[in-house]
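The values are calculated or read from the model by the stated rules, or taken from the named source; none is laboratory data. Just so we're clear, the structure is a prediction, and the values are computed from it rather than from any experiment. Cβ coordinates were reconstructed from backbone atoms using ideal geometry, including for glycine residues, and neighbour counts include every protein chain displayed. These accessible areas exclude ligands, DNA and RNA; they are computed on the full protein's heavy atoms, side chains included. Shrake-Rupley method; radii C 1.70, N 1.55, O 1.52, S 1.80 Å.
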Protein chains: 2
Amino acid sequence: MTDDATADCCAGAPREGGRRRGRQAEAELNDQRVLEAARDVFACEGADAPVSAVAKRAGVGMGSLYRRYGSKVELIQHLCQLSMEQAVLAAEEALASTEDPWAAFVEFVHRCVRARYGALSPVAGTIPVSEAMDRTYRRSRELLQELVQRTQAEGGLRPDVNTVDISRLIELFGRSFGSRCRNTADEQVQLRLLALALAGLRVTDGDPLPGPKPSLEDYENRWYLS
Amino acid sequence: MTDDATADCCAGAPREGGRRRGRQAEAELNDQRVLEAARDVFACEGADAPVSAVAKRAGVGMGSLYRRYGSKVELIQHLCQLSMEQAVLAAEEALASTEDPWAAFVEFVHRCVRARYGALSPVAGTIPVSEAMDRTYRRSRELLQELVQRTQAEGGLRPDVNTVDISRLIELFGRSFGSRCRNTADEQVQLRLLALALAGLRVTDGDPLPGPKPSLEDYENRWYLS
DNA sequence: ACGTAGCGGAGTGATCCGCTCCGGTCGACG
DNA sequence: CGTCGACCGGAGCGGATCACTCCGCTACGT
């Protein structure tokens, strides 16, 4: 497997993408492969998937994986961090497009779901929260707040929903998106259900949502308690 | 723990609920307790939760549990069976009430979600399907088909959804309902999201759902392939 | 008062998983 | 072209966990 990579990027001429060459190029490539594989594996099989599965999917030995990440927890933390950064980016871009607020909002949700934001939410409370994660989360929270308010004011988002509602919605679909590594037919159904929920987010003439608006505190505490 | 049970049902006067008395009454009670505990534990922690957790939650020894169910798989199969029977019952009652088809449909979905129908769907493909399961599933499928058609004809259910869509919706919320054994605040959020999706099921003037209607075959094959 | 049905839970063997460590490989450099 | 060492893959280790068994005990029924 690495043979391919070696043949592709090391033995031949310098690659346009990588800065370094030879062995170091392979190392850099492996970095990406590990990250991608980890996202897939953990999103599909849950955070208790064996690390060896990640290594195998990345086409990389255990040694190479553990040289980059000191432990499984560290790897997962890094994954969470990346997820949240993606969400931040998506939110920023949604806020930047002022043309159709509702469409921008929908696009934001879709991007979060597809980036599997929240696919790792089941690990909440089982790994420590790094400072980087905390910082990025805080930023994403602010942006989401802003986005929700704007969409409620100008985009037709029903006023009785919360940032927590939206977060949970994204997590719900982000978690099950591609869950259990099923075929793509599964993903299509999930997208249909997501479309259903999004349609429901627009309706305001129906019944109001049951219960009180969920509290931000409860939402966040999942990550800290036990 | 069993001391309580003994004091309650065995040492005292005959209980009105149970047919038998004394030791046999405790046995019968334990039966129920095991079932209930198993449903909770597996729904919350996933099907790979240890059997000992079920026993502990039921307040019952491992011996008592294994006398009733020869193996963990057998227990899970029984649980699936019960879930589906509940769904069948809910569907029958929904079809029986002819007054407000939409309300009956909503009630049906809620009952299924609350009964955690589909909480065990992640085990699909990991345990053999008993004939009883197969039979009950087939019956539930027929009833759901009928219910969906009626609600589409008379209840305002949008026409571009499928029985599979509905099943997956129920599974989605049934699985995450109470997932990870969180507090009840979590359940309230889930109910809000469910209400959102149900609202979306009613809208017909918005965009149509993306993709083709999901195929029943794909849906069912999850239980048989690998 | 005794036999025994039914109980709880410690123990067991096997599996699995995170992580380490080492022999091999191949680019880098003189 | 020879040597060196950075980096690689993956076998193996130690410990944790889990499904399941087995046995001593309790207390009901007679």
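Per-residue HN-Hα couplings for the range B:100-110, Karplus 6.51 cos²θ - 1.76 cosθ + 1.60 at θ = phi - 60°, whole Hz, x for Gly and Pro?
10, x, 5, 4, 5, 4, 4, 4, 4, 4, 4
Mind checking the mean number of beta-carbon atoms from other chains within 10 Å of the Cβ atoms in B:199-210? Don't jump to the answer; show the numbers that get you there.
Values: counts 13, 12, 5, 5, 6, 1, 1, 7, 4, 2, 9, 5.
The per-residue average across the peptide is 6.
Assuming R0 = 51 Å, can you tell me the calculated FRET efficiency for the pair B:D207 and A:Y224, based on Cβ-Cβ distance, to the nearest 0.05?
Working: r = 40 Å, r/R0 = 0.78.
With a Förster radius of 51 Å, E is 0.80.
Pick out, from B:V106, B:L29, B:V41, the residue whose Cα sits farthest towards the positive end of the charge dipole of chain B, with +1 on the Cβ of Lys and Arg and -1 on the Cβ of Asp and Glu.
It is B:L29.
Using the Kirkwood formula on the Cα atoms of chain B, what hydrodynamic radius do you get, in angstrom to one decimal?
Here the Kirkwood hydrodynamic radius works out to 19.3 Å.
If I ignore ligands, DNA and RNA and count only protein heavy atoms, how much of B:C44 is accessible to a 1.4 Å probe, in Å² to the nearest 10?
Spelled out: B:C44, probe radius 1.4 Å, area about 20 Å².
Choose one answer from B:P210, B:P50, B:P122: the residue with the largest mean-square fluctuation in a GNM of chain B with alpha-carbon springs under 10 Å.
Its mean-square fluctuation being the largest, the pick is B:P210.
Which order do peptides A:186-192, A:146-152, B:27-33 fall in by mean Cβ count within 10 Å, highest first? Working shown, then result.
On the way: A:186-192: 20.6, A:146-152: 18.6, B:27-33: 16.7.
Result, highest mean Cβ count within 10 Å first: A:186-192, A:146-152, B:27-33.
How large is the convex hull of the C-alpha atoms of the protein assembly as shown per residue, in Å³?
186
With θ set to phi - 60° and the Karplus curve 6.51 cos²θ - 1.76 cosθ + 1.60, what are the ³J(HN,Hα) couplings of the range B:127-139 in order, to the nearest whole Hz, using x for Gly and Pro?
In residue order, the calculated couplings are 10, x, 8, 6, 5, 4, 4, 4, 5, 5, 4, 4, 5 Hz.
Using θ = phi - 60° and the Karplus curve 6.51 cos²θ - 1.76 cosθ + 1.60, what whole-Hz ³J(HN,Hα) does each residue of the range B:35-42 get, with Gly and Pro shown as x?
4, 5, 4, 4, 4, 4, 5, 5
Take every Cα pair under 8 Å in chain B that's 6+ residues apart, average their separations, divide by the length, and report that relative contact order as a whole percent.
21
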